[in-house]
Each structure stands twice: as C-alpha cells, then as structure tokens.
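The structure under discussion appears below in the form of structure tokens.
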Amino acid sequence: MNSLYKIVDIKNLLFVFDIENTTDDARERLIVSKDVNSRLELAELFDDLLRVEFFEYTTNEQDLLIETVRYFLNEHDDFERVFGRMTTYFDDEVEDRRQFMTVLLECLSRYRREVL
C-alpha cells in the first residue's frame with residue numbers, strides 16, 4: 001500500500017457525521033433527514049456539511065484527500081476501516097460503501113474545481 005494515502009484521513013473528514021461529534025442539534029437533524037443510500041441526497045448532505053469543512057484544508061491537503069479517496073476506490077477497498085469504527089447519525093446503514101465513497105469523491109472533486 002502506498003504510505004502517502006491513509007484511510008484515517010477519510011475517516012477524519014467524515015467525523016462531521018460521527019455521533020461523537022455532538023455539538024450541533026441542527027446538524028444532527030439534517031443528517032438523519034437524508035437517505036445516505038440515495039446518491040442525490042448523499043450529495044446534498046455532503047454539500048451542506050462537508051463542503052465548508054473541505055475548504056478549511058489547504059489546497060495541497062484537498063488534493064491529497066481527493067487522491068486518497070480515489071486510491072482506496074481503485075484498490076477495491078471495502079472501507080470497513082472507516083465505517084466499522086464510526087457510529088454515525090445516519091438513520092440507515094450505508095448499504096453500498098463504495099457508492100458512498102464514489103459520491104464523496106465526485107463532490108470533493110467538484111468543490112476543488114470551484115476554486116480553480
């Protein structure tokens with residue numbers, strides 16, 4: 001495995017959805033209102049909650065995060081190391097983790113293009 005890419009970086013980005021991140025009731029209500037197994041609703045959730053977080057990263061960190069998600073998708077990772085260690089506010093289990101990560105990659109890539 002390429003040591004440049006660390007799955008923990010993805011987990012850290014997704015901490016906004018973790019039940020241990022309990023600072024905002026409105027955020028929690030927004031998370032449970034979305035169907036995380038719907039590509040459209042998942043993208044809306046990312047736009048509402050991750051977009052701002054993503055822009056707090058430096059451009060180099062943004063690029064590395066995008067490449068990290070792409071790397072693990074290309075490696076056919078099952079993302080157990082992300083979802084297996086995280087308890088989320090999602091109302092449902094993520095049925096297709098790879099689809100979740102694909103939507104994440106699409107959104108992060110779109111955010112990155114917005115600043116170019």
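The values are calculated or read from the model by the stated rules, or taken from the named source; none is laboratory data. The structure presented is a predicted model; accordingly, all values stated were derived computationally and were not measured. Cβ sites come from the backbone with ideal geometry, for glycine too, and all protein chains shown count toward neighbours.
Scanning for something at pLDDT 95 or above and among the polar types (S, T, N, Q), does region 79-89 turn up at least one residue? No, the conditions are met nowhere in region 79-89.
The number of residues in region 45-90 being polar (S, T, N, Q) and surrounded by fewer than 14 Cβ atoms within 10 Å (Cβ to Cβ) comes to 5. Scan region 7-41 for residues that are crowded, with 16+ Cβ neighbours inside 10 Å, closer than 22 Å to R70 by Cα and aliphatic (A, V, I, L, M) and the total you get is 6. Take R113 and tell me if it is closer than 17 Å to I7 by Cβ and without any contact (Cβ under 8 Å) to a residue 60 or more places away in the chain. No: the conditions fail for R113.
Within region 27-46, which residues are over 20 Å from R97 (Cβ atoms) and touching a helix residue (DSSP H, G or I) at 6+ places or on another chain (Cβ under 7 Å)? If the condition is that a residue be over 20 Å from R97 (Cβ atoms) and touching a helix residue (DSSP H, G or I) at 6+ places or on another chain (Cβ under 7 Å), then R27, L30 are the ones that fit.
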